[in-house]
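Worksheet: the structure to be examined is printed underneath.
Read the figures in this text as sums done on the coordinates, not as results from a lab. Model, not experiment: these values are computed from the prediction. Because the Cβ atoms are built from the backbone with ideal geometry, glycine has one as well, and the counts that use them run over all protein chains shown.
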Amino acid sequence: MRRLSLATSAIVAIAFGLLLLGATSQEGNQESAPLESTQVNIERRDPAIDKIVPKDAKLERIASGFKWVEGPIWLKGSLYFAEIPSDSIRKWTPGNDQVSMFITPSGYEGHTPYGGPEPGSNGMTADVHGRLTVAGHAKRVIYRLEDLTPESQLTILASTYKGKKLNSPNDLVYRSDGSLYFTDPPYGLRTQSDQDPQKQLNVNGVYRIPNALSQPLGAKPRRADLQLLVSDLTRPNGIVFSPDEKYLYVNNSEPKKIWMRYRVQPDGSLTEAKLFYDATNDQRPGSPDGMKVDINGNLYSTGPGGVWIFSPEGKPLGIILLSEKSANVAWGGTDRRTLYITASSSIYRVRLSIPGAPLVRNK
């Protein structure tokens, strides 16, 4: 290979550095052109919301044309999300206006039509090694991709409880001790009801997989280890830890539209169940669903009318109002100040003042 002169090498190095700087700037500032940009329409419940949502904040629609999008997660400079009716996981990258197919099928793998409205996967998270972990929904399992490629080997982390199939895992979150918590309502079943002929469990539970992080590649799930932590919610859905992991938040979609808070014990069990907030009487489209927290412990959750923002004490600070029913949220960008929102047919983003809490933490 021909050796470059020192001058030429320096020019190449500078050009490469500028290229990397530009790429980093684009990722951090989210400079890709949106399909639509409007002033954020926010329902202010408390003056504290102004410290979170800038007065000049824009709500940007970055992708559209879907039926029902869910499970957003920011990994390695791209947003991954589930398009449940098409049984797929998609990928969007700043600077690229095209949404690409990442995995299909992501849930149901049968050879005949599913026969239900939600055949795909649902919520997604990642462990400290960056491995994408998926609530399989219609697949009725929790699975992990061993690398971030469509050809990745899958490791099943949970599939049954006491010999009975899970309903349809919906959302999930890792704790710093390597355990994984998830919700299991029946929305991925064909009829989405408790009377579905394929439903084997008589509860719609919240579960914990101890030592999920250490489960070896391709190993069978440790079925006997799966722990049922909450069994009295009718439709448990979104799930997230407070930044210090002292509390676990779980919301319930119907018939009561509520958010619950549980104290997390050292052994991972939950105590002191407390009603965090009740929005049952709010008749606007949408229900409590996907959730995240910021570094100050404020809670961000989809709900009636849009994305609700709560103080750590459970006081509603404001609602980012949307014209579509919202499903889930995720922090993105290098500074984690961009909130991505999956809402029915579209994906939105808004730049906020407080960074999101890290998705995963080292103990």
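Odds and ends about this structure:
- Going by neighbour counts of Cβ atoms within 10 Å, the residues THR342, THR149 line up, fewest first, as THR149, THR342.
- Per residue Cα convex hull volume in Å³ - calculated over the stretch 277-363: 100
- In terms of surrounding Cβ atoms within a 10 Å radius of their Cβ, ARG45, ARG263, ARG235 rank from fewest to most as ARG263, ARG45, ARG235.
- The stretch 61-72 - phi-based ³J(HN,Hα) in whole Hz, Karplus 6.51/-1.76/1.60, Gly and Pro as x: 8, 9, 7, 7, x, 9, 9, 7, 9, 8, x, x
- For trypsin sites (Lys or Arg not before Pro), the sites in the stretch 50-157 that DSSP calls loop and that have at most 15 other Cβ atoms within 10 Å are LYS55, LYS67, LYS76.
- Crossing angle, helix 6-29 versus the chain [Cα axis fit, 0-90 degrees, rounded to tens]: 40
- Long pairs among LYS274/LYS325; LYS67/LYS325; LYS91/LYS165; LYS139/LYS162; LYS51/LYS325; LYS55/LYS91, criterion Cα-Cα beyond 21 Å: LYS274/LYS325; LYS91/LYS165; LYS51/LYS325; LYS55/LYS91
- Taking every C-alpha pair closer than 8 Å and separated by at least 6 residues, the mean separation divided by the residue count of the chain gives a relative contact order of 16 percent.
- Note that the stretch 45-60 has calculated 3J(HN,Hα) couplings of 9, 8, x, 4, 5, 5, 7, 10, 9, x, 5, 9, 4, 10, 9, 10 Hz, one per residue in order, obtained from phi through the Karplus relation 6.51 cos²θ - 1.76 cosθ + 1.60 (θ = phi - 60°); glycine and proline are x.
- Cα point-scatterer Debye curve for the stretch 65-118, base-10 log of I(q)/I(0) at q = 0.13, 0.31 Å⁻¹: -0.33, -1.31
- Here the chain was treated as a single set of alpha-carbon atoms; its pair distances binned every 10 Å from 0 give 5, 25, 34, 23, 8, 3, 1, 0 percent.
- Full extension of the chain segment joining ASN211 with THR334 gains 41.4 nm, where the gain is 0.36 nm per residue of separation less the Cα-Cα distance.
- Max-minus-min Cα coordinates of the stretch 67-231 on each principal axis give 47, 38, 25 Å, with the largest extent listed first.
- Under a 5 Å amide H cut-off, with hydrogens placed 1.01 Å from N, VAL230 pairs with VAL206 among residues at least 5 apart or on other chains.
- For the stretch 158-299, the Kirkwood radius over C-alpha pairs fed into Stokes-Einstein at 20 °C and 1.002 mPa s yields D = 137 µm² per second.
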